[in-house]
Structure formats: C-alpha cells, structure tokens
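Chemist: Dumping the structure here so I can ask a few things about it.
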Amino acid sequence: MDCLFCAIVAGEIPSKKVYEDEALFAFYDIAPQAPVHFLVIPKKHIPSCGAITPENSAVVARCFEAITKITKELGISEFRVVSNCGETAGQTVPHLHFHVLAGRDMTWPPG
Ligand code: AMP
Ligand code: ZN
C-alpha cells in the first residue's frame, strides 16, 4: 500500500521519533503549527478517525494513553489534540493520526 505514514512506521522515510511501542509510533510534524507539534499514529493502517470500529478502537485508547505519557515527559500540561477526517476537514494523509500541539495560545473555533 502506498501510504506515507506506513512508510514512516517501516523506516522507509525518516522521521524524528518521539515515542514508539508495539502498536504506536509518534514523531514530530514536518511543518509544525505550534512550538510543539507531533503526531501519534497506530502502526496498523487505519484510514481516518471515521473508520473506527469495535475491532480497532482499542488502539485509539492506546494513542491517548501515549499522549498523556509523552506530554508528561515533555513537561507539557496544556495542549490540543486534533484529528482531521476527510479533505474538507483538512486531512492530507489518509492514515489515522492525532496531532498534538502545544506551546502557544490557541483560538477556538479553529479556522
Ligand atoms: P493532516 O493534514 O491532518 O492529514 O496531517 C498530516 C500532517 O502530516 C501534516 O501536519 C503534515 O505537515 C505532516 N507530514 C507530512 N509529511 C510528513 C513527514 N514526512 N514527516 C512528518 N510529518 C509529515
Ligand atoms: Zn498507512
């Protein structure tokens, strides 16, 4: 399958790793939108957060456990988690990912 984030998980495309375990990979975003901006992804390909089922939902909980662990390790207590689903919502890479952004004031609603 031709998927950028599957290629990053496989090490075929270099990335700046933040965290890894048997189910997850986390790495800094190549075009950061905040002083801290990393992505948490399941290693197994899931197209988006619009494709979560009872069979694959456990990995989503794992992603959020990892987000807590990573932010604590980075000394971050306030942050935003975003997952874009579909092109009009801003999704450009069709492999489920959670953006974690921190280090600046953020507006709501997002643009
Ligand atoms: P989204 O637009 O929500 O699908 O998020 C995809 C994110 O992946 C964007 O924030 C991109 O900057 C980021 N991105 C694209 N290519 C890479 C890469 N090779 N390494 C790290 N982040 C990337
Ligand atoms: Zn993928």
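The values are calculated or read from the model by the stated rules, or taken from the named source; none is laboratory data. In this text the structure is predicted, and so the values were computed from the model without any measurement. A quick note on method: Cβ atoms are made from the backbone with ideal geometry, for glycine too, and the neighbour counts reach across all protein chains shown.
Chemist: Count, please, the residues in region 35-59 that happen to be farther than 24 Å from GLY11 by Cβ and aliphatic (A, V, I, L, M).
Modeler: Result for region 35-59: 3.
Chemist: Which of the residues spanning region 45-66 are without any contact (Cβ under 8 Å) to a residue 40 or more places away in the chain, under 17 Å from GLY86 (Cβ atoms) and in contact with a Pro (Cβ under 7 Å, 6 or more places away or on another chain)?
Modeler: None; the set is empty.
Chemist: Could you tell me whether region 57-78 includes any residue that is in contact with a Gly (Cβ under 9 Å, 6 or more places away or on another chain) and within 14 Å of ligand 2 (Cβ to nearest atom)?
Modeler: No, because not a single residue in region 57-78 is in contact with a Gly (Cβ under 9 Å, 6 or more places away or on another chain) and within 14 Å of ligand 2 (Cβ to nearest atom).
Chemist: Next question, about the same structure. Could you tell me whether region 57-70 includes any residue that is of a type in the set (Lys, Arg) and under 21 Å from ASP2 (Cα atoms)?
Modeler: no
Chemist: Collect the residues in region 1-16 that are more than 9 Å from ligand 2 (Cβ to nearest atom) and either within 16 Å of TYR28 (Cβ to Cβ) or in contact with a strand residue (DSSP E or B) (Cβ under 6 Å, 6 or more places away or on another chain) (or both), keeping them in residue-number order.
Modeler: Result: GLY11, ILE13, PRO14, SER15, LYS16.
Chemist: Next up: Tell me, which residue of region 94-111 that is among the small types (Gly, Ala, Ser) and either modelled with pLDDT of 95 or more or in contact with a helix residue (DSSP H, G or I) (Cβ under 8 Å, 6 or more places away or on another chain) (or both) is nearest to GLU22 (Cα to Cα)?
Modeler: Restricting to residues being among the small types (Gly, Ala, Ser) and either modelled with pLDDT of 95 or more or in contact with a helix residue (DSSP H, G or I) (Cβ under 8 Å, 6 or more places away or on another chain) (or both), the top hit is ALA102.
Chemist: Continuing with this model, one more query. Residues being outside any strand (DSSP E or B) and either among the small types (Gly, Ala, Ser) or more than 16 Å from LEU4 (Cα to Cα) (or both): count how many of those fall in region 94-111.
Modeler: The number of residues fulfilling the criteria is 9.
Chemist: Let me ask you something else. What are the residue pairs meeting all of these: first residue in region 21-32, first residue farther than 15 Å from GLY11 by Cβ, second residue modelled with pLDDT of 95 or more and β-branched (Val, Ile, Thr), Cβ atoms under 6 Å, and 6 or more apart or on different chains?
Modeler: Cβ pairs passing all conditions: ALA23/VAL59.
Chemist: Inspect all residues belonging to region 6-17 and state whether any of them is touching a residue at least 24 places away in the same chain (Cβ under 8 Å), under 13 Å from the mean Cα position of the chain (by Cα) and within 26 Å of GLY111 (Cβ to Cβ).
Modeler: No, region 6-17 contains no residue that is touching a residue at least 24 places away in the same chain (Cβ under 8 Å), under 13 Å from the mean Cα position of the chain (by Cα) and within 26 Å of GLY111 (Cβ to Cβ).
Chemist: Looking at VAL93, VAL81, VAL40, VAL100, which is the one that is touching a residue at least 60 places away in the same chain (Cβ under 8 Å), under 13 Å from the mean Cα position of the chain (by Cα) and surrounded by fewer than 17 Cβ atoms within 10 Å (Cβ to Cβ)?
Modeler: VAL93
Chemist: Within region 17-55, which residues are within 13 Å of ligand 2 (Cβ to nearest atom) and farther than 25 Å from GLY75 by Cβ?
Modeler: PRO42, LYS43, LYS44, HIS45, ILE46, PRO47, SER48, ALA51
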